[in-house]
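A.B. asks: There's a structure below that I have some questions on.
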């Protein structure tokens, strides 16, 4: 059966999202093994592809349900790989790692405890998009501080300030998602409705 409309799988934006997901372990490995130049290249390409696939999806009517799931999933995984890798390398302070990861752990816990289905998760809002953008600017700047020793201190400071600002926005976005998650009927309630 041919898939059409929102249930399509093989679209250009989805293919880009799949490739971006595949880049997560490559980026992490390059980062933790000290290959900063290649890691920075992968991160910049992945960040750019995030905007490209969204543009293609909207412009060429290729928005799909799968794409709406893949895009934020790849963002979350790249953010996790970035902060863990940067913390392992000592490029960011541990509190920044904890601050960013704790937000996703909180939301994931709410989703698991309530049995929220993936399709019921609230759409990414403007605050969430802004937080992701700021973090995706901060991480390359921090890596760049190790690629360009002559500007290491200034780039590191800029990266940490952006990373801290992104972490604050990340939490603000998380708190805006919590009420929407609370409105989704719990899994038990959905099951009782079917009986």
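The values are calculated or read from the model by the stated rules, or taken from the named source; none is laboratory data. Source: prediction; values computed, not measured. Methodologically, a virtual Cβ is constructed for each residue, glycine included, from the backbone with ideal geometry; neighbour enumeration extends over all protein chains shown.
A.B. asks: Tell me whether segment 30-41 contains one or more residues that are closer than 16 Å to residue 76 by Cα and out of contact with any strand residue (DSSP E or B) (no Cβ under 8 Å at 6 or more places or on another chain).
C.D. replies: no
A.B. asks: Looking only at segment 87-113, how many residues end up being under 23 Å from residue 158 (Cα atoms), in contact (Cβ under 8 Å) with a residue 40 or more places away in the chain and assigned to a helix (DSSP H, G or I)?
C.D. replies: Result for segment 87-113: 5.
A.B. asks: While we're looking at this one, here's another question. Take the conditions within 14 Å of the chain's Cα centre (by Cα) and either modelled with pLDDT of 95 or more or assigned to a helix (DSSP H, G or I) (or both) and apply them to residue 159. Does it pass?
C.D. replies: The answer is no for residue 159.
A.B. asks: Given the conditions (1) surrounded by fewer than 14 Cβ atoms within 10 Å (Cβ to Cβ); (2) under 16 Å from the mean Cα position of the chain (by Cα), and given that residue 61 satisfies all but one, which numbered condition is not satisfied?
C.D. replies: Here residue 61 meets the rest and fails (2).
A.B. asks: Scan segment 91-101 residue by residue and report those that are out of contact with any helix residue (DSSP H, G or I) (no Cβ under 6 Å at 6 or more places or on another chain) and closer than 21 Å to residue 26 by Cβ.
C.D. replies: Listed by number, the list holds a single entry, 101.
A.B. asks: Additional query: Exactly one of (1) buried (at least 17 other Cβ atoms within 10 Å of the Cβ); (2) within 27 Å of residue 86 (Cα to Cα) is unmet by residue 121. Its number?
C.D. replies: Result: residue 121 fails condition (2) only.
A.B. asks: Now a separate question. Could you tell me whether segment 50-57 includes any residue that is buried (at least 18 other Cβ atoms within 10 Å of the Cβ) and under 30 Å from residue 157 (Cβ atoms)?
C.D. replies: Checked against the condition, which is being buried (at least 18 other Cβ atoms within 10 Å of the Cβ) and under 30 Å from residue 157 (Cβ atoms), segment 50-57 yields at least one hit.
A.B. asks: Let me ask something else. Looking at residue 81, is it within 23 Å of residue 37 (Cα to Cα), surrounded by 16 or more Cβ atoms within 10 Å (Cβ to Cβ), in contact (Cβ under 8 Å) with a residue 40 or more places away in the chain and in contact with a helix residue (DSSP H, G or I) (Cβ under 7 Å, 6 or more places away or on another chain)?
C.D. replies: Yes; evaluated as a whole, the condition is true for this residue.
A.B. asks: From 61, 14, which residue is assigned to a helix (DSSP H, G or I) and out of contact with any strand residue (DSSP E or B) (no Cβ under 6 Å at 6 or more places or on another chain)?
C.D. replies: Unique residue meeting the criteria: 14.
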